[in-house]
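Novice: Below you'll find the structure I mean.
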Amino acid sequence: MKKLRILRMVLHKTKADRLVLGFVGFLLVIAAVVWVAEPSIPTYGDALWFCYAVLSTSGFGDFTAVTFVGRICAVLVTVYSIFVIAIVTGVVVSFFQQSVQVQFEDSKLTFLDRLERLPELSREELEEMARKAKKLR
């Protein structure tokens, strides 16, 4: 649950949540088009299931597109889902890389600040700095 909350926060902070919501809206519209265009798909729920099977590339085979419009919709869902997954993955990885870089810069600045105040530091603070320096090697 915590990981989901963090992911939601990252997506919101980077504005990628709009991309995900747009993708969900796209799937709902495409499912409606497939439902109307495909004679073998009897309900809107089945059209949503077909879209899921296409976007997950599992292709269960219980429904297949036989019309030109249905096949174009399947191609659009496949291509768009690849782009959305790639973009969202890139956004999340980039966000965490930036977070690590910020933490590194903060700890580096703290370390440099302590070095500048070296004569004022207590024995415990000096030992802590020595331990951290050994870990960096």
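Novice: Which residue pairs have Cβ atoms under 9 Å apart, sit 6 or more places apart or on different chains, and have a first residue in region 6-29 that is polar (S, T, N, Q) and a second that is in a helix (DSSP H, G or I)?
Specialist: Every condition considered, the pairs that remain are Thr14/Val91; Thr14/Val92; Thr14/Ser94; Thr14/Phe95.
Residues checked against (1) under 30 Å from Val29 (Cβ atoms); (2) modelled with pLDDT under 80:
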residue	(1), (2)
Val79	yes, no
Val84	yes, no
Phe95	yes, no
Glu105	no, yes
Leu115	no, yes
Glu124	no, no
Lys132	no, yes
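Novice: Let me ask something else about it. Take region 45-82 and flag every residue that is touching a Leu at 6+ places or on another chain (Cβ under 9 Å) and not aliphatic (A, V, I, L, M).
Specialist: Cys51, Tyr52, Thr78, Tyr80, Ser81
Novice: Continuing with the same structure: Look through region 1-42, keep the residues that are among the β-branched types (Val, Ile, Thr) and touching a helix residue (DSSP H, G or I) at 6+ places or on another chain (Cβ under 7 Å), and return whichever of them is farthest from Leu76 (Cα to Cα).
Specialist: Looking at residues that are among the β-branched types (Val, Ile, Thr) and touching a helix residue (DSSP H, G or I) at 6+ places or on another chain (Cβ under 7 Å), I get Val10.
Novice: Looking at this structure, is Glu105 over 30 Å from Lys3 (Cα atoms) and part of a helix (DSSP H, G or I)?
Specialist: Considered against the rule, which asks whether it is over 30 Å from Lys3 (Cα atoms) and part of a helix (DSSP H, G or I), Glu105 comes out as no.
Novice: Answer yes or no: is there a residue in region 82-93 that is loosely packed, with under 12 Cβ neighbours inside 10 Å, hydrophobic (A, V, I, L, M, F, W, C) and farther than 30 Å from Val33 by Cβ.
Specialist: Yes.
Novice: Now, a different point. With respect to Val84, is the statement that it is closer than 30 Å to Arg8 by Cα, more than 19 Å from the chain's Cα centre (by Cα), in a helix (DSSP H, G or I) and of a type in the set (Val, Ile, Thr) true? First the steps, then the outcome.
Specialist: Numbers: closer than 30 Å to Arg8 by Cα: yes; more than 19 Å from the chain's Cα centre (by Cα): no; in a helix (DSSP H, G or I): yes; of a type in the set (Val, Ile, Thr): yes.
Against the criterion (closer than 30 Å to Arg8 by Cα, more than 19 Å from the chain's Cα centre (by Cα), in a helix (DSSP H, G or I) and of a type in the set (Val, Ile, Thr)), Val84 does not qualify.
The values are calculated or read from the model by the stated rules, or taken from the named source; none is laboratory data. Predicted model only: the values in this text are computed from it and were never measured. Cβ: placed from backbone, ideal geometry, glycine included. Neighbour counts: every protein chain shown.
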